[in-house]
Amino acid sequence: LTLRTDSPSRPARPTTAVPPHRNHRTAAIAAARRQPPKPEIRSKQISILLLGTVSHLRRHSSMAGSDPEKLIAKADKITKLSFTRWNADWKNAAVLYEQAAIGFRLAKNYEKAKLAFEKASKGQEMLSSPWDAAKHMESAAMMAKENGEWNEVADFYRRASELYIECGRPQPASDALARGARALEESMPEESVRLYTDACEILEEDAKEQMAFDLYRAATSVYIKLEKYDDAASTLLRWGLAADKCNARNSQCKAYLSAIIVYLCAHDFKQAEKCYNDCSQTDAFMGSDQFRAASKLLSAYREGDIEEIKCVAQSSTISNLDNVIIRLARKLPTGDLELVKTEAAGEDGGQVDEDDLT
């Protein structure tokens, strides 16, 4: 007799056998993950990566080596309307113009590079991409700078600024004008200060006066080099007003003292005194170190005390101003100090004798 070990009321559950090949495959995958790749596999992977890199470099080198003249001709062709082409292909043309511009720039053919960047900028405008158009316009300005075409430098940077404004980006718009101003400081200083002034106005309209401090400083420096002291002082007072709006009290007081020094350097004692009186109406200037330095300086002028003027000009308060203002202060006193003393004494001397007919 054969005894059955399982209960007849509980039949054994059938089990599903796992195919042998699946167990082997799972084990092989797990082992492969645990073990580093074989040397021959790794070398094959490296070869594939190298081949991809080489092909990438060849593609870009061939692009860089393309004839810029042919790229320009191709771009001009696909943007020119004809009986067979009813729509200009600005998308591809903009890319071709940019590639041509880069090629001309590498060849140091700055005139053709400038023209190509202009066309690339126009292409981006046609594609409603003013940001890219502005970038290309700035590149055109740099090419014009290389050629010494200063009027075009100003025009291109102004156009770039306008395009940035179209993007709603006042900061890059101001920066573009500032770059143009710096490029023109030596060759066209008058245009340079106009660009600096316009750059300041953009930031002022955007309530970012503090970002314009360096621009006020640069404009003042150019005006002083041109010996346009009234304009320099006006710029400094404008700087002081901007500093007041953003609670930059130290910069405000420095700008006011600098303006007084500029007027004194221009032999305009009356205007310096008027500027001092006007600035003294502000709480920030009253009681400041700059206020005390200005007061001592003007008092020394009224008394005709040359040594005191030089002593104040060497003080630490004035030594902490901008370098261009420090250099002016070190030259004081300038002009006819006796005349200043006489005029000051006449103003303080009271009424003129009406019986004196001489």
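Remarks
- Residue list for the stretch 293-322, restricted to those being outside any helix (DSSP H, G or I) and out of contact with any Ser or Thr (no Cβ under 6 Å at 6 or more places or on another chain): 304, 305, 314, 315, 320, 322
- Scanning the stretch 231-264 for residues that are in contact (Cβ under 8 Å) with a residue 40 or more places away in the chain, over 16 Å from residue 284 (Cα atoms) and over 26 Å from the mean Cα position of the chain (by Cα) yields a total of 3.
- Breaking point among (1) among the hydroxyl-bearing types (Ser, Thr, Tyr); (2) crowded, with 18+ Cβ neighbours inside 10 Å; (3) without any contact (Cβ under 8 Å) to a residue 40 or more places away in the chain, for residue 280: (2)
- Candidates 107, 100: the one that is surrounded by fewer than 15 Cβ atoms within 10 Å (Cβ to Cβ), farther than 17 Å from residue 161 by Cα and either in contact with a Pro (Cβ under 8 Å, 6 or more places away or on another chain) or outside the structural domain of residue 181 (by the TED database) (or both) is 107.
- Within the stretch 228-258, being among the charged types (D, E, K, R) and closer than 16 Å to residue 323 by Cα holds for one residue alone: 254.
- Test: residue in the stretch 199-206 that is touching a helix residue (DSSP H, G or I) at 6+ places or on another chain (Cβ under 9 Å) and either at positive phi or among the β-branched types (Val, Ile, Thr) (or both): yes
- Subset of the stretch 197-256 that is among the aromatic types (Phe, Trp, Tyr) and within 15 Å of residue 178 (Cα to Cα) - its residue that is surrounded by the fewest Cβ atoms within 10 Å (Cβ to Cβ): 213
- The lone exception for residue 148 - which of (1) exposed (fewer than 14 other Cβ atoms within 10 Å of the Cβ); (2) within 25 Å of residue 186 (Cβ to Cβ); (3) over 25 Å from the mean Cα position of the chain (by Cα) it fails: (3)
- Subset of the stretch 309-341 that is free of Cβ contacts under 8 Å to residues at least 60 places away in the same chain and touching a Lys or Arg at 6+ places or on another chain (Cβ under 7 Å) - its residue that is surrounded by the most Cβ atoms within 10 Å (Cβ to Cβ): 312
- Candidates in the stretch 266-292 are the residues that are of a type in the set (D, E, K, R) and not in a loop (DSSP other than H, G, I, E, B); of these, the one that is nearest to residue 322 (Cα to Cα) is 289.
The values are calculated or read from the model by the stated rules, or taken from the named source; none is laboratory data. The structure presented is a predicted model; accordingly, all values stated were derived computationally and were not measured. Note that each Cβ is placed from the backbone with ideal geometry, even for glycine, and that neighbours are counted across all protein chains shown.
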